[in-house]
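Heads up: the structure comes next, in structure tokens.
All of the numbers you see were taken from the coordinates with simple rules; none came from a lab. Computed from a predicted structure; not experimentally measured. Backbone-built Cβ (ideal geometry, glycine too); neighbour counts: all protein chains shown.
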Amino acid sequence: SAPLPPLVRVHTVASQEHRMVVESQGTVRPRTESRVVPEVSGQVVWVAPDFVSGGFFEADSPLLRIDAHDYEQARIRARAEVAASRLRQAQAQAEAEIAVREWRDLGEGEPPALTAHVPQLENARAALAAAAANLVQAERNLERTELRAPFAGRVREKTVDVGQFVTAGAAVGSIYAIDFAEIRLPL
């Protein structure tokens, strides 16, 4: 006997609006949250009055300052090293010019690199470049003694106060932006 075909029912479907109510709960969280971390070490000499748990602050407002004395001294030393390196480069350049002139006065053609003081001049240029890099680093470290807010927000937690010593990379607080909040709702 032949197999029986399956029975099929046909319904005409019409589209309509249907409202579903789904209950869920979640936690409001800031979209942007950051830990306040100093990039240099030192003693805290000032804390903003608004840098307290629950306090509000504006973008780019100072939150705290670290004693800048050692970093100012480092900048002074770096400036002195740049000046000394410039002097050494100028002396090396003058000595190279004199050596080349004396060699040519002898009528021997072009002088060898060592006689023309080429390595000494390159060394002086490299020393000046290194001193300039040290000056840039010293100036950046000095700027980093003041921690500024990267955005307008609120303080979640503060773990430092005036007189405490902070180390580079160790969090001293937690802040969050107040521009947007997110709520994650499991469905």
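Extending 7 Å from Cα along the Cβ direction at residue 90 and again at residue 77 yields two label points whose distance is 2.5 nm.
Under the 0.36 nm per residue contour assumption, what length would be gained going from the current alpha-carbon distance of residue 174 and residue 122 to full extension? All intermediate terms of the calculation are to be shown ahead of the outcome.
Numbers: separation 52, 0.36 × 52 = 18.72 nm, distance 4.83 nm.
Length gained, residue 174 through residue 122: 13.9 nm.
Computed extension gain for residue 19 through residue 106, at 0.36 nm per residue and net of the alpha carbon distance, reaches 21.1 nm. Packing-based ranking of 27-35, 152-160 yields 152-160, 27-35, ordered from highest to lowest mean Cβ neighbour count within 10 Å.
Proximity of backbone amide H atoms, modeled 1.01 Å from N, is registered between residue 148 and 63 at under 5 Å, excluding neighbours fewer than 5 places apart on the same chain.
Label point 7 Å out from residue 31 along Cα-to-Cβ: which residues of the range 159-187 have amide N under 17 Å? Residues passing the 17 Å test: 176-185.
Quick check: residue separation of residue 2 and residue 154 times 0.36 nm, minus the Cα distance between them. What number comes out in nm? If you can, show how the numbers build up before the last one.
Working: separation 152, 0.36 × 152 = 54.72 nm, distance 7.83 nm.
Using 0.36 nm per residue and subtracting the Cα-Cα distance, I get 46.9 nm.
Rounded to the nearest 0.05, the FRET efficiency derived from the C-beta distance between residue 98 and residue 136 at R0 = 25 Å is 0.15. Helix 118-143 and the longest principal axis of the Cα set of the chain meet at an angle near 40°.
Recomputing percent of Cα pairs over 21 Å apart from the coordinates shown identifies the correct label among [x] 56; [y] 71; [z] 62 as [y]. With a cut-off of 14 Å between beta carbons, the residues surrounding residue 144 carry a summed charge of -3, where Lys and Arg count +1 and Asp and Glu -1.
Each residue, residue 146 and residue 11, gets one label point 7 Å from its Cα in the Cβ direction; the gap between the two is 7.2 nm.
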